[in-house]
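The structure appears right after this line, and notes come after that.
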Amino acid sequence: MLKKAQIIMLLIIFVLVGCGQSTDTGNGKPNKIYRHAMDGAPGSLDPAQAATIYANFIVINLYDTLYRYKYLARPYQLQPNLAAALPGVSEDGLTLTIPIRKGVHFIDDPVFEGSVGREIKAHDFVYSIKRHFDPGTRAQGAWLWQGRIEGLDRWKTEGSDYDTEISGLRALDDYTIQITLTRPFPQLVHTLTQGYAAIVPREAVEEYGQMFASHPVGSGPFTLVSRDGVRAILEKNPGFRQEPFDLQTEGYDPVSQAGAGFETLQGKIPPFIDQLKFEFVTEGAARWSAFSAGELDLIRVPASQFDNVLSQRHPVTLDPQIADSYAFEASPESGFIYTNFNMADERIGYHPDPEQNHRNHALRCAMVKAYDWKKANEIFFYDIGQVFPGIILPSVPEYDANGDTRYIEHDLQGARDLLEANGWNEDTLPTLEYGFPNGVTERQAFEQFRDFMMTAGYPADKIRPLIFASYGDYQRAYSQGKITLINSSWTMDYPDAENVMQLYYGPNAAPGSNSASYANPDYDRLYDISAAMAESPERTRIYRDMNRMLTDDCVGFTGISRTLLLLWDKQAIMQPDRSFVGGYFTRFVDIAHEANAAQ
């Protein structure tokens, strides 16, 4: 194993080799290429199926959404993207009127007359949202708008005829959209930043059918050149709208963000790079090797390398020698790692026999007690992750720093006592399948999980691995309720705690975002009440009550927020983001030394 000094020297050498890549365009100016690694691959590039962070990241580079987040503003702030302004809202909060920009076109494609991309109209947005409620689409984003837009659910039950108008989802004219809600939904505009809400042309969907998932026809800053199981290559969309970059509009803070090169972007037209390469590299060690070899421009540092790049953990501090050449950011993720029980599985979840249902509850709670979060944090998260009970993240205002933490305490004797008191032993314990996509880290996490359960008396051969070739295959399997123990993560779609509370809302059961298929009428009632509320002390109280319901029901092993370490060459001018800005930031990436060479 390389010593820390050797690692530092190698990284410095690779910095000298260069950041990004250049290819001669023939006019004396180099192409700018940004290379970005993902730890998973998207299963589909159809916005209606952009159910993973990997798919969403690419989709919003290929398509337009009405809104996005300001590139540099923290806390995050909304701003128009394809929309011409923020919505006009009626006094009762139920009707939103959204103007869209004129003169924005889909990319050129044979599906259009003369193969020339046509102008985007308001009816394209209406069509794109309707697709989520058409059973034939097999869409995965309906949960965002289910029960919230007047007439949309009824349109689905009445046959999903695209030529039938929906009262709550209308194109008033070519450039004006009107959305009428069934009740106030303060987070609606946030949902319109998602890849799910990307705008697609009807003629392309109908022409390409299932192939539309790999033949994107959008209006985003980039177009797809190629994609396979290893990488996706995107190129700058020459027809992307000409909108100069403005520091003030993007939320630039001259105090905290000075010196990063953002000032050089003022007035330039994004995207600033010519080619965007997404490398799908599941293993952290392989990503690190590629970054060290100068084949990637940014890396989320794998935990196995934390000791090599940090001088200390608390507070997280980059090694001074590495800091000379690399930009660095350490921040808690806007999400969490968790393992759900499949509550629809009678072996461990809900059971029609009340007595067996009680025993299943005791089994789940015993397994939760047997889980050792301290060890998991040390081994997989370098002991800088933040463990918390339930699903209310430490990063949101509703988090209770003084709350009851017994749910995440390792209580091995309590686990054994609970099993014994409810008649669970080696003979009666059910065989459970723990699902995960194929990978070394995922396999290690499974082995650790099984070891934790074995210490409480669970036989090793009764907790079995269920391995899938890719994350996409795994995601489809748990969305169909085929996995008993669902090991997953959730990155918040938008910066509001409602986005995590909906994860256990009954109507969102699999194949929706509620992968646990949790069904608690009291939880659903409180969610229905709170979903129409903006952030407030009353909503905080409700959310904390809902969180307690989840821990009382022992619905899963929750949870831990990782501390993400991002490392990139200082010559790359960018503010990377794995959270709400997500893939939007890539249109603003610039390579300083290449920009200078081109002048």
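Identify, among Ile486, Pro87, Trp288, the residue whose Cα sits farthest towards the positive end of the charge dipole of the chain, taking +1 on the Cβ of Lys and Arg and -1 on the Cβ of Asp and Glu, with the dipole about the Cα centre. Positive-most Cα among the choices belongs to Trp288. The dipole here belongs to the range 387-492: it is taken about the Cα centre, uses +1 on the Cβ of Lys and Arg and -1 on the Cβ of Asp and Glu, and is about 420 debye. Sparsely packed loop sites in the range 333-388 (the GluC sites (Glu not before Pro) outside DSSP H, G, I, E and B with at most 15 other Cβ atoms within 10 Å) comprise Glu346.
A simple charge model with +1 on the Cβ of Lys and Arg, -1 on the Cβ of Asp and Glu and nothing else charged puts the dipole of the chain at about 800 debye relative to its Cα centre.
Do the alpha carbons of any pairs in Lys236/Lys482; Lys70/Lys375; Lys102/Lys268; Lys156/Lys236; Lys277/Lys375; Lys374/Lys462 sit beyond 29 Å of each other, and which pairs? Pairs exceeding the cut-off: Lys236/Lys482; Lys70/Lys375; Lys156/Lys236; Lys277/Lys375. Computed on the range 133-202, with alpha-carbon pairs under 8 angstrom and 6+ residues apart, the relative contact order is 27 percent. Between the beta carbons of Ala285 and Asp228, assuming R0 = 22 Å, the FRET efficiency works out to 0.50 to the nearest 0.05. Solvent-accessible surface of the range 214-343, averaged per residue with a 1.4 angstrom probe and all protein chains in place: 41 square angstrom.
Computed with every protein chain present, the accessible area of Thr137 is close to 10 Å² [probe 1.4 Å]. For the range 203-259, the set of trypsin sites (Lys or Arg not before Pro) satisfying both a DSSP loop assignment and a count of at most 16 other C-beta atoms within 10 Å is given as Arg241.
If you count only protein heavy atoms with a 1.4 Å probe, what accessible area per residue comes out for the range 71-154, rounded to a whole Å²?
Values: 3570 Å² over 84 residues.
Here the residues of the range 71-154 average 43 Å² of exposed surface.
Label-to-label distance for Glu91 and Arg464 is 6.4 nm, based on points extended 7 Å past Cα in the beta-carbon direction. Taking θ as phi - 60° and the Karplus parameters 6.51, -1.76 and 1.60, the scalar couplings of the range 69-84 work out to 9, 4, 4, 10, 6, 9, x, 5, 9, 6, 7, x, 10, 7, 5, 8 Hz in sequence order, x denoting glycine and proline.
On the range 434-528, 52 percent of the accessible area sits on carbon and sulfur atoms, based on a 1.4 Å probe. Considering only Gly259, Pro75, Leu247, and ranking their Cα positions along the charge dipole of the chain that arises from unit charges at the beta-carbon of Lys, Arg, Asp and Glu, the one farthest toward the positive end is Gly259. In vacuo Debye scattering of the range 130-234, one point per C-alpha: log10 I(q)/I(0) at q = 0.18, 0.24 Å⁻¹? Scattering profile of the range 130-234, log10 relative to I(0): -1.04, -1.54. Subtracting the Cα-Cα distance of Lys268 and Glu203 from 0.36 nm times their residue separation leaves 20.0 nm of extension gain.
Label positions at Ala532 and Thr182, each projected 7 Å from the Cα along the C-beta direction, are separated by 1.1 nm.
Relative contact order for the chain using alpha-carbon pairs under 8 Å, separation at least 6, rounded to a whole percent?
Computed value for the chain: 20 percent relative contact order.
For the pair Glu113 and Asn402, label points projected 7 Å from Cα toward Cβ lie 6.8 nm apart. Across the range 520-590, C-alpha contacts under 8 Å between residues 6 or more apart give a mean separation that, scaled by the residue count, equals a relative contact order of 19 percent.
With Cα extents along the principal axes in Å as the read-out, I listed [x] 92, 73, 69; [y] 77, 66, 44; [z] 72, 61, 51; which label goes with the value calculated from this structure? Derived directly from the coordinates: [y]. Using every pair of separate Cα atoms, the Kirkwood estimate puts the hydrodynamic radius of the range 188-299 at 17.3 angstrom.
Please identify the chymotrypsin sites (Phe, Trp or Tyr not before Pro) of the range 354-404 that satisfy two criteria: DSSP loop assignment and at most 12 other Cβ atoms within 10 Å. Which are they? Answer in residue order: no site qualifies. Net charge dipole, the range 200-241: roughly 240 debye, given to the nearest 20, about the Cα centre with Cβ charges of +1 for Lys and Arg and -1 for Asp and Glu. Note on the chain: dipole from Cβ charges, positive end direction compared against Gly218, Pro271, Val581; the farthest Cα belongs to Pro271.
The values are calculated or read from the model by the stated rules, or taken from the named source; none is laboratory data. All of these numbers come straight from a predicted model, not from anything done at the bench. In this analysis, Cβ positions are derived from the backbone assuming ideal geometry, glycine residues included, and neighbour counts consider all displayed protein chains. Note: accessible area is taken over every heavy atom of the protein model, side chains too, but ligands, DNA and RNA are not part of it. Shrake-Rupley method; radii C 1.70, N 1.55, O 1.52, S 1.80 Å.
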